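Laboratory data are not the source of any read-out in this text; all were calculated from the coordinates shown. A quick note: this is a predicted structure, and the numbers were derived from the prediction, not measured. Here the Cβ positions follow ideal geometry from the backbone for every residue, glycine too, while neighbour counts run over all protein chains shown.
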Ligand SMILES: Cc1cc2nc3c(=O)[nH]c(=O)nc-3n(C[C@H](O)[C@H](O)[C@H](O)COP(=O)(O)OP(=O)(O)OC[C@H]3O[C@@H](n4cnc5c(N)ncnc54)[C@H](O)[C@@H]3O)c2cc1C
């Protein structure tokens, strides 16, 4: 039997928040639906209300705001982010990751914010957003709050969002000219699978490295020990290999249907080495 729920597509943010406030835990927000509909079909979730945010104009914005920061609204699809000149130019790792997520057709539905809210340890967009210190703007009928993305994840498929809250959008802090970044992903097959490992790396204008990884911990993680090692070491031809060894010490991946812990750990080192080498050569 199909799941039964009331479907609503409010035309404004205030309408949507008015619905979420009393329904709380009985409701689910629908963005692209590429994660949510799978769960509804499997009966893993049975909300009484499904509230679609796609009718809300103000969530469909991807634009520069004060101070050169970029706002990416909750309605922006993965393909819109991948094709945006602003994202490609300033936050290349985000565009790279967007281009690796699932298939082109799925990326036309899936949203960037949905990828974050789903909170899969393998979420492709999480690592790139972490290395740019993205902030999450959260809204409810009671007000607004903002948290760093690294404080947003609370465990496997868990976030700090309260049931009445909606993610309004993300703020990507301004970057200086000449910054470089990339995202590298190892997956079993191209196009329909979460990664075995995903590495996001950024070299900022002060020549500091920022690194994050997906699929190696219960949540996407910032590699702070590796960052310290890299940023405290003089650049040398051996540095990428040292980084590969260091990351294998820092992470504790698990074995699952996609890969063994040993293979994940090996590939994490390989991808980190490639990423650091690329940034050093280009930087
Ligand atoms: C075949 C297939 C392949 C896939 N491949 C990949 C892949 O390679 N890499 C990858 O990372 N993911 C992959 N995914 C997962 C999925 O496509 C992404 O996570 C996608 O970005 C989710 O976005 P969405 O808009 O569809 O989210 P939805 O399904 O609409 O929502 C996901 C969750 O987030 C909540 N939510 C969404 N928006 C908000 C909001 N603004 N505020 C509060 N809560 C919100 C929903 O209630 C739900 O719990 C794949 C999925 C499928 C079906």
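In the chain, the longest principal axis of the Cα atoms and the axis of helix 13-23 are about 80 degrees apart. Output the 0 to 90 degree angle, nearest 10, between the alpha-carbon long axis of helix 261-282 and the longest principal axis computed from the alpha carbons of the chain. For 261-282 against the chain, the angle is about 70 degrees.
Above 17 Å, the calculated P(r) of segment 174-227 contains 45 percent of its Cα-Cα pairs. Looking only at 140, 265, 205, which one moves most when the chain is put into a Gaussian network model with springs between Cα atoms under 10 Å? Per the Cα network of the chain with a 10 Å cutoff, 205 tops the list. How high is the relative contact order of segment 110-164, given as a whole-number percent (alpha carbon pairs under 8 Å, six or more residues apart)? Once normalised by length, the contact order is 32 percent.
With semi-axes defined as the square roots of five times the eigenvalues of the C-alpha gyration tensor, the equivalent ellipsoid of segment 57-172 measures 20, 17, 13 Å, largest first.
When each of the peptides 229-239, 11-21, 90-100 is scored by how many other beta carbons lie within 10 Å of its residues on average, the order from highest to lowest is 90-100, 11-21, 229-239.
All Cα-Cα distances of the chain, cut into 10 Å bins from zero to the largest, leave 7, 29, 34, 21, 8, 1, 0 percent in each bin in turn.
Residues 43, 266, arranged from fewest to most other Cβ atoms within 10 angstrom of their Cβ, appear as 43, 266.
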